[in-house]
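S.K.: If you scroll down you'll find the structure; I have some questions about it.
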Amino acid sequence: MAQYDYDLFVIGGGSGGVRAARVAAALGKRVALAEEFRFGGTCVIRGCVPKKLYVYASQFPEHFEDAAGYGWTVGEAKFDWSKLVANKEREISRLEAIYKRNVEGSGGETFHSRAVLVDSHTIRIEAEGRTVTADQILIGTGGRAAAHPALPGHEHCIYSNEVFDLPELPKAIMIEGGGYIAVEFANIFHGLGVETTLVYRGKEILSRFDMDLRRTLHDTMVSKGIRILCPAVSEEVVKRADGRLDARLNTGEVLTVDQVMLAIGRTPNTENLGLEAAGVEMDKQGAIVVDRFSRTNVQNIWAVGDVTNRVQLTPVAIHEAMCFVETAFKNNPTEPDHDCVATAVFSQPEIGTVGLSEDEAAKRFKHLEIYRTSFRPMRHTLSGRQEKMLMKLVVDGDTRLVLGAHVLGPDAGEMAQLLGITLKAGLTKDDFDRTMAVHPTAAEELVTMYKPTYLVKDGVRIDG
Ligand SMILES: Cc1cc2nc3c(=O)[nH]c(=O)nc-3n(C[C@H](O)[C@H](O)[C@H](O)COP(=O)(O)OP(=O)(O)OC[C@H]3O[C@@H](n4cnc5c(N)ncnc54)[C@H](O)[C@@H]3O)c2cc1C
C-alpha cells in the first residue's frame, strides 16, 4: 500500500497550480488540487483575462472617432457596463470550467476548498473537515492586492478584485499606484468615459520600464484627458453624505470621486496556510523562499508563481510549474529561466518590452548604441489622431548584441512576443539589419533603424 494518499497535492488552482497538477497527473501520478475560490486563479478570474476584455471594451470610443477619417459615420454610441460585466462573467466561467476539467481529465482529483498544511506531508481540506497526506506538496496560492490599513478611510477603497464587478460604472475614479495594473485601469476607465485621476507616489509611472516609454506614455495619457498626479499620495479618504468620496492628497488637493482604487502592490497569500507548522521558510514580505528549482527549505514542499514573489506574471508561473514537474517527477532537474522575460502593459497606447532598459544597460555595459524612432503610425494618418509610436533598441556597442527592445504603440504587446524570441536567441543588431522589412507595417521600423540615434559611453549620452 502507498505510504501517502497522493503523490502530489497542489494548493491553489491558479496558473501555476493547475499546470503542475495537470501535467503531473498526465504522467500517471496520483494528484489532487484544492482551490478555495474559483479554478483558473487570478489570471482567469480577476487578472489578465477580464482585464484584457475590459481593455478591448474601453478602446471602442477611439475606434469610433478614428473611423470618421476613413469615411465612416458612426451613430450615437452607448455603453452598458452591466452588459460588459455579465459577458465577462460568462467568458471567465467558461474558462474556469476548462481549467477544472483539464485537471480532472488528466486524472487529477479536485477539491473546491481551502487547504492548509498540518505538517510537511499532511493537508487539511477545510470544506470537508478532513486531512489527507501527500508525498510531494506544491504551493501555488498566488497573491492579492496589498491593503493599505494605514490610510484613514481605506475601508471605502476598492482593489483590483472588486473593480471588475462594480455595481455601476463610476462617473469619476481615483486610482492610486504607478504599476502596470494602476496604469491599465486608468486607461480602461478613461476609455469608458470615466473622469480618471492617477495618483502615484513616485516621480514617474511604471518604474523599471524604459524611461523613454514611461515619459511618452505619461504624456500621451495626459493628452487623452487622464490626470496624472505624481509624486503624490492620498492621506485620507472620507465618505460624504451624498455617498461620494473625498480623497485628500498630500499636495492639499481634494478629489471628489465615486471610487478610489488602490493598486499599490501585491501581497503573497501565505497567512494561515500552516507554513509554520510544516516548517516552511518565508521572507520579510511573507513570500515563500525557494531555491533555484522552486523547492522550499522543506525537502518535499515546493512553491511556484506569485507566492514566491519572483516574476509575477502568468507565463512565468506556468513555466515554473513545468520545471517543477520535470524536477520532481521526471528525474530531470530543471531551473526556471527568469532571464529576458518579454512583457506588455495594456495601456493605451500599449507597451511591449523585453530585456534591459537604457538606464539598466548603461549600468552594466560600457558602450551602448541606442536606436530610437518616434513616428505617427499609418493608421493615424487618415484618422487624424496625433498619437506617436515609439520604438527603441538598446545595443551593446562592443558585441552588437541587442540588450533591450521597447515599443510603445498599437500592437506593441504582440511585437514584444516576437522580439522576445530574438533577444532570447542572442541575436545581434546585424541580424536585425539583415532581416527584410514587412511593408507596410509599424514593426518594420524595428529592422530599418540602421544608424544609432545616440551613443552612451560609461553612462554618458553622446549625441552624434
Ligand atoms: C489585475 C491583474 C492583471 C494582471 N494582468 C496580467 C497580464 O496581463 N499578464 C500576466 O502575465 N500577468 C498578469 N497578472 C498577474 C497574473 O495574474 C499572476 O502572475 C498569475 O495569476 C500568478 O499565478 P499563480 O498560479 O501564482 O497564482 P494565482 O493565479 O493567483 O492562483 C492562486 C490560487 O490559489 C488559491 N488559493 C489561495 N490560497 C489557497 C488555499 N489555502 N487553499 C486553496 N486555494 C487557495 C486562490 O484562490 C487562487 O485561485 C495580473 C494580475 C492582476 C491582479
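The values are calculated or read from the model by the stated rules, or taken from the named source; none is laboratory data. The model shown is predicted, which means the values in this text are computed figures rather than measured ones. Because the Cβ atoms are built from the backbone with ideal geometry, glycine has one as well, and the counts that use them run over all protein chains shown. Note: areas computed on protein heavy atoms with side chains; ligands, DNA, RNA excluded. Shrake-Rupley method; radii C 1.70, N 1.55, O 1.52, S 1.80 Å.
S.K.: Scan the stretch 396-403 and tell me whether some residue there is acidic (Asp, Glu), open to solvent by 40 Å² or more (accessible area, probe 1.4 Å), over 17 Å from Asp210 (Cβ atoms) and assigned to a loop (DSSP other than H, G, I, E, B).
M.R.: Among the residues of the stretch 396-403, at least one is acidic (Asp, Glu), open to solvent by 40 Å² or more (accessible area, probe 1.4 Å), over 17 Å from Asp210 (Cβ atoms) and assigned to a loop (DSSP other than H, G, I, E, B), which makes the answer yes.
Yes or no, residue by residue, for (1) under 26 Å from the mean Cα position of the chain (by Cα); (2) among the polar types (S, T, N, Q); (3) modelled with pLDDT of 95 or more:
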| site | (1), (2), (3) |
| --- | --- |
| Met378 | no, no, yes |
| Ser383 | no, yes, yes |
| Leu393 | yes, no, yes |
| Thr399 | no, yes, yes |
| Ile421 | yes, no, yes |
| Lys429 | no, no, yes |
| Val438 | no, no, yes |
| Val456 | no, no, yes |
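S.K.: Before we move on, is Val116 in contact (Cβ under 8 Å) with a residue 60 or more places away in the chain, in a helix (DSSP H, G or I), within 16 Å of the ligand (Cβ to nearest atom) and among the β-branched types (Val, Ile, Thr)?
M.R.: Judged against the criteria, Val116 is not a match.
S.K.: Take the stretch 174-191 and flag every residue that is of a type in the set (A, V, I, L, M, F, W, C) and more than 16 Å from the ligand (Cβ to nearest atom).
M.R.: Met174
S.K.: On the basis of being of a type outside the set (D, E, K, R), assigned to a helix (DSSP H, G or I) and either away from the ligand (no atom under 16 Å from the Cβ) or out of contact with any Gly (no Cβ under 7 Å at 6 or more places or on another chain) (or both), does Phe60 make the cut?
M.R.: Yes, satisfied.
S.K.: Scan the strands (runs of 3 or more DSSP E) fully inside the stretch 184-278 and keep the ones with 2 or more residues being within 30 Å of Leu117 (Cα to Cα) and open to solvent by 20 Å² or more (accessible area, probe 1.4 Å).
M.R.: 266-268
To keep it simple, each residue is scored yes or no on (1) open to solvent by less than 20 Å² (accessible area, probe 1.4 Å); (2) among the basic types (Lys, Arg); (3) not in a loop (DSSP other than H, G, I, E, B).
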{"site": "Ser93", "(1), (2), (3)": "no, no, yes"}
{"site": "Glu96", "(1), (2), (3)": "no, no, yes"}
{"site": "Tyr99", "(1), (2), (3)": "no, no, yes"}
{"site": "Thr133", "(1), (2), (3)": "no, no, yes"}
{"site": "Gln136", "(1), (2), (3)": "no, no, yes"}
{"site": "His148", "(1), (2), (3)": "no, no, no"}
{"site": "Asp165", "(1), (2), (3)": "no, no, no"}
{"site": "Met174", "(1), (2), (3)": "yes, no, yes"}
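S.K.: Return the pair list, or none, for Cβ contacts closer than 6 Å from residues in the stretch 414-442 that are under 20 Å from Thr453 (Cβ atoms) and part of a loop (DSSP other than H, G, I, E, B) to residues that are open to solvent by 40 Å² or more (accessible area, probe 1.4 Å) and at pLDDT 95 or above, at least 6 apart or on different chains.
M.R.: Ala437/Thr448
S.K.: So, one more: Considering only residues that are out of contact with any Ser or Thr (no Cβ under 7 Å at 6 or more places or on another chain), more than 6 Å from the ligand (Cβ to nearest atom) and assigned to a loop (DSSP other than H, G, I, E, B), which ones fall in the stretch 4-57?
M.R.: Result: Leu27, Gly28, Lys29, Arg30, Arg38, Phe39, Gly40.
S.K.: Check Ala77 against each of (1) in contact (Cβ under 8 Å) with a residue 40 or more places away in the chain; (2) more than 12 Å from the ligand (Cβ to nearest atom); (3) open to solvent by 40 Å² or more (accessible area, probe 1.4 Å) and name the one condition it does not meet.
M.R.: (1)
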